[in-house]
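Have a look at the structure below before the remarks.
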Amino acid sequence: MERFSALVTGASRGIGRGIALELARAGCRVAINYAGNAEAAAEALGLVREAGGDGFTVQGDVAVAADRERMVAETVAQFGRIDLLVNNAGVAPKVRADLLESGEESFDRLYAINLKGPFFLSQLVARKMLEQAPDAGGMRGRIVNITSISVYTASINRGDYCMVKAGLAMMTKLFADRLGNDGINVYEIRPGVIATDMTSGVKEKYDKLILEQGITPIRRWGKPDDIGRAVRAIAEDRFPFSTGAVFDVDGGFHLHRL
Ligand code: NAP
């Protein structure tokens, strides 16, 4: 996998950084996208290099069309091709507001970053992938969407987040169908509760739910590395006859239990 090249959105911190690091351990080159935290992105790049990979950092807001175009152009200029796109960048609502109170501003922000951005970025990258020659395994590329257990779990204090993540799950199916015969497989990874900056504000709540009440059969917080390992398996083509597949990386949260 020496020349394997990936573009990972939101790779400066959290889950995206975990994905970039695991890809680096497999020897990949990674375009580390970030929105504003250049320091964190530079740190992530240093860790990627230490782990055996290489790459560069690229600022860009996935919600902005010109930024998406620049990110893709820079990645192609640096690497020559994009073997893997990981749509990881995402945000939670700034305030958790009841369904009957939440506002349009929050909805529009989440829609733009968590769904519209990944859709049009995937469109751009898929067009590039279609121009690429197939690799030794016959693949032109792969796309991975990082969704959430919120795809099917109703949380009435962040309904906007749940709705756009559900949209991202459908987006996986659409791209999988469209690209299935072109050597481009598309996957959804559905993380459970993962310890990152996004969940640091609700740490006590989830400590109780996970460690005391056993909300997940595997009684621990997820780590960015847990998601990274799943993405690496996809990058290494462990699932060549699967597309549109959903991977629950959630400690068993999705099980109905009695
Ligand atoms: P995080 O720790 O808050 O990190 C967010 C990352 O996304 C950062 O790298 C950030 O860049 C980047 N980002 C934010 N807005 C962006 C934008 N408009 N354009 C480009 N990059 C942007 O979040 P996380 O917990 O790692 O979450 C990553 C993904 O996993 C999200 O899609 C989230 O919904 C999903 N997820 C998380 C959990 C969880 O429990 N943590 C569970 C399920 C799903 P900067 O560093 O520049 O700000």
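Below is a table of values for the structure above.
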quantity: Farthest positive-ward along the range 4-135 dipole, Cα basis, beta-carbon charges - from Ser102, Ile113, Val48; calculated: Val48
quantity: The range 183-258: relative contact order in percent, alpha carbon pairs under 8 Å with at least 6 residues between; calculated: 52
quantity: Stokes-Einstein D (µm²/s) once Rh is taken as the Kirkwood radius of the range 112-153 over alpha-carbon pairs, at 10 °C in 1.306 mPa s; calculated: 132
quantity: Size of charge dipole - the range 99-177 - debye, nearest 20, with Cβ of Lys, Arg +1 and Asp, Glu -1, no other charges; calculated: 320
quantity: Selection of chymotrypsin sites (Phe, Trp or Tyr not before Pro), the range 229-258, meeting DSSP coil and at most 16 other Cβ within 10 Å; calculated: Phe241
quantity: Angstrom value of the Kirkwood radius, inverse mean 1/r, which spans all Cα pairs in the range 121-194; calculated: 13.4
quantity: Taking N as its residue count, the alpha carbon Rg of the chain over 2.2 N^0.38 Å; calculated: 0.96
quantity: Residues of the chain: accessible area per residue with a 1.4 Å probe, Å²; calculated: 48
quantity: Cα-derived Rg to Rh of the range 184-249, Kirkwood definition; calculated: 1.07
quantity: In Å², nearest 10: area of Arg140 left accessible to a 1.4 Å probe; calculated: 70
quantity: The range 1-41: GluC sites (Glu not before Pro) falling in loop per DSSP and having at most 16 other Cβ within 10 Å; calculated: Glu2
quantity: Charge context of Arg140, other residues only, Cβ under 15 angstrom, K/R +1, D/E -1; calculated: +1
quantity: The range 196-256 - charge dipole about Cα centre, Lys and Arg +1 at Cβ, Asp and Glu -1, debye rounded to 20; calculated: 120
quantity: Principal axis dimensions, the range 1-107 - Cα atoms, whole angstrom, descending; calculated: 51, 26, 22
quantity: Volume per residue that the Cα convex hull of the range 51-179 spans, once the total is divided by residue count, Å³; calculated: 135
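The values are calculated or read from the model by the stated rules, or taken from the named source; none is laboratory data. It should be emphasised that the depicted structure is a prediction, and the values quoted were computed from it without experimental measurement. Glycine gets a Cβ as well: all are built from the backbone with ideal geometry, and neighbour counts include every protein chain shown. Just the protein is used for accessible areas: all its heavy atoms, side chains included, with ligands, DNA and RNA removed. Shrake-Rupley method; radii C 1.70, N 1.55, O 1.52, S 1.80 Å.
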